[in-house]
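Accompanying notes for the structure given below.
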Amino acid sequence: MRIPRLAPAALAAAGIAGLVAAGCGSQAAPKPKPKPHYSAQVTAGARLYVQYACVQCHGVRGAGNATLADGSPTGAPPLKGVPASMVAQYLGQGPVALHVVTASTANGAAVNNGSINMPYWDGVLSSSQVQDLAAYIAAGLPKVPGVPDHPPTATTGPEIYQAYACFACHGPYNTGRVVNPGATSPGDHYVPILGPNGKRFAKAVAAWDKPFKTRAANPGYFKYNPTITASSVTGKQFLEDKLLLGSIIHDGVAGGAPNALLMPAWGRFLSPTQLHVLLTYLRTGQ
């Protein structure tokens, strides 16, 4: 068998190609960058930051750019650079944990200028959870592998109840009875149960479409709904008011009872559809 002879140019090209191929084969594949490793405490804090709705006010990874449903800023500050000791104090585990809002301007946690008063978390978060959150924030609120840095889109009642940490103070739906450590009056000693097992809640549900005479509705609710009066507000509207504007516990001092858990104005974070879905879920459990 006769082997064809290659022209000099073809031989040169083949040689260069062989050298290139040999060179490529000898180069080591680039090593993937190692994933950052964070302590168990920082990792736990990252989970708590989303689970307990810190992200809803302070933004993803503490950027401070969270907004309400109408697009206005929550007013909650960015958290990067905040020392762990200050975090622990403001979460209710230190000497400055005295969260008293101004009665004349307060609508629960959200006040009229759009800013947010820091809720008091003592009795809701354990000391170890506070330290985990403090460690995460002190670490710069990093992106922790395997830990979502924002909650999933909440469309169903249970999802909304979870995303806005309703469970933290009210407990699981219809099984709550969480102690409110700073409330001195017997009627406020426990956070209300959301569901038929809660006496006051059950009364509001029973009067869902009927007048639910009460002086407990926030004056701001009537301001935003001028056709509704304290004598005509229905049970549904009463509960809607608590969601939209929140509430504070008064204890004979301006602004409310020191260190008592307050109801944040979570309804202002929800779209009208989400608000309707959540109210339906609270009423029916579905």
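Here, each number is a calculation from the coordinates, and none is a lab measurement. Since this is a predicted model, take the numbers as computed values, not measurements. No Cβ is skipped: glycine too gets one built from the backbone with ideal geometry, and neighbour counts run over all protein chains shown.
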Qualifying positions in the range 57-84 - of a type in the set (S, T, N, Q) and either part of a loop (DSSP other than H, G, I, E, B) or in contact (Cβ under 8 Å) with a residue 24 or more places away in the chain (or both): Asn65, Ser72, Thr74
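So which of Gly182, Gly146, Gly140, Gly187 ends up being closer than 13 Å to Tyr49 by Cβ and among the small types (Gly, Ala, Ser)?
Numbers: Gly182 fails: closer than 13 Å to Tyr49 by Cβ; Gly146 fails: closer than 13 Å to Tyr49 by Cβ; Gly187 fails: closer than 13 Å to Tyr49 by Cβ.
None of the other options fit; the residue is Gly140.
I'd like the full set of residues that are out of contact with any His (no Cβ under 8 Å at 6 or more places or on another chain), in a loop (DSSP other than H, G, I, E, B) and under 26 Å from Gly92 (Cα atoms), limited to the range 255-286. Working first, answer last.
We begin by selecting, within the range 255-286, every residue out of contact with any His (no Cβ under 8 Å at 6 or more places or on another chain); these are 255, 260-261, 263-286.
Next, from what is left, pick out any that are in a loop (DSSP other than H, G, I, E, B): 255, 260-261, 264-265, 270-271, 285-286.
Once the filter is applied, which keeps residues that are out of contact with any His (no Cβ under 8 Å at 6 or more places or on another chain), in a loop (DSSP other than H, G, I, E, B) and under 26 Å from Gly92 (Cα atoms), the range 255-286 yields Gly255, Ala260, Leu261, Pro264, Ala265.
Considering only the range 135-211, give the helices (runs of 4 or more DSSP H) lying wholly within it that have at least 1 residues that are closer than 22 Å to Thr273 by Cβ and among the charged types (D, E, K, R). First the steps, then the outcome.
Details: elements: 157-163, 166-170, 199-206.
Fully inside the range 135-211 and qualifying: 157-163.
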Which numbered condition Pro145 misses (of (1) within 23 Å of Thr284 (Cα to Cα); (2) in contact (Cβ under 8 Å) with a residue 40 or more places away in the chain; (3) surrounded by fewer than 16 Cβ atoms within 10 Å (Cβ to Cβ); (4) not small (Gly, Ala, Ser)): (1)
